[in-house]
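These notes are about the structure you will find just below.
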Amino acid sequence: MTEQLSMNQIIHAAVRRDVSRTEQALRELREGDAARAAQIRTAWRNLQRELTHHHEAEDEHVWPFLESRGFDLTLLEEMEAEHVAMKQALAAVSTSLDAVVAAPTAVNATAAADEVARAREVINGHLDHEERDVEGPMGALHDDPEFRELTKKLRPASAVDAANALAWMQDGAGERELSSLRAAIPGPVVTVMTRVVARRYRREVAPVWR
């Protein structure tokens, strides 16, 4: 049986998926298609929002907790530095997408796609690093009462935000990601949150990738 993914890995998979399809969408953008350009920017802003929440929560809660448990301080500092680099890469893409929306030319679309490709190297490099060197030790704390209490602070601020995040994690996900998600959160909860509460994602973001 294939090993289940952690929630952290499910989120990472959604990030990698969105970065990849954003670059592809920009490379396929037709000259002058302002409506499609705006759609792509909407999806990118959603990714940026989800990823920013995820990493700010790690910086604020997870890394200090791991440090308190004797985790390698140098590695945690690397994680924080990579988060800063990712934030800068996300912002650079956002600026390039604003340019595409303002003037949806092939030149601007290609420049934005190239910016996404550069961001992809930064983002995937960090995600790979975290999964390789942090995921295992962090997973070993799964049954630690203090860590379990800490994970509650990592959740989105509201039920609506949580629902939109769940919808995003599932959009385009493979069977392993979907089954792992339902192993972590009861299937009926996922279904109701996604179909009933996640209106913003279903209305604004999901159509971008159909």
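The values are calculated or read from the model by the stated rules, or taken from the named source; none is laboratory data. Only a predicted model underlies this, so the values are computations on that prediction, with no experimental measurement involved. No Cβ is skipped: glycine too gets one built from the backbone with ideal geometry, and neighbour counts run over all protein chains shown. All accessible areas refer to the heavy atoms of the entire protein, side chains included, with ligands and DNA or RNA removed. Shrake-Rupley method; radii C 1.70, N 1.55, O 1.52, S 1.80 Å.
Per-structure values
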read-out: Residue pairs meeting the criteria (Cβ under 9 Å; at least 6 apart or on separate chains; first under 16 Å from L166 (Cα atoms), in segment 31-57; second open to solvent by less than 50 Å² (accessible area, probe 1.4 Å) and of a type in the set (K, R)); value: A43/R21
read-out: Residue that is touching a residue at least 12 places away in the same chain (Cβ under 8 Å), open to solvent by less than 20 Å² (accessible area, probe 1.4 Å) and more than 24 Å from Y201 (Cβ to Cβ), where the choices are V19, V62, V100, V116; value: V62
read-out: Condition met for A206 (open to solvent by less than 40 Å² (accessible area, probe 1.4 Å), under 16 Å from E50 (Cβ atoms) and not in a loop (DSSP other than H, G, I, E, B)); value: yes
read-out: Segment 126-170: number of residues that are open to solvent by less than 50 Å² (accessible area, probe 1.4 Å), closer than 18 Å to V189 by Cα and out of contact with any Ser or Thr (no Cβ under 6 Å at 6 or more places or on another chain); value: 9
read-out: Of all residues making up segment 1-45, the number that are in a loop (DSSP other than H, G, I, E, B) and more than 19 Å from V101 (Cα to Cα); value: 6
read-out: Filter result for H12 (within 27 Å of A163 (Cβ to Cβ), modelled with pLDDT under 95 and either open to solvent by less than 30 Å² (accessible area, probe 1.4 Å) or basic (K, R) (or both)); value: no
read-out: Any chance R49 is farther than 16 Å from N124 by Cα and assigned to a helix (DSSP H, G or I); value: yes
read-out: Residue among L90, L127 that is modelled with pLDDT of 95 or more and touching a Leu at 6+ places or on another chain (Cβ under 8 Å); value: L90
read-out: Residue check for V196: more than 24 Å from H61 (Cβ to Cβ), modelled with pLDDT of 95 or more, of a type outside the set (K, R) and part of a helix (DSSP H, G or I); value: no
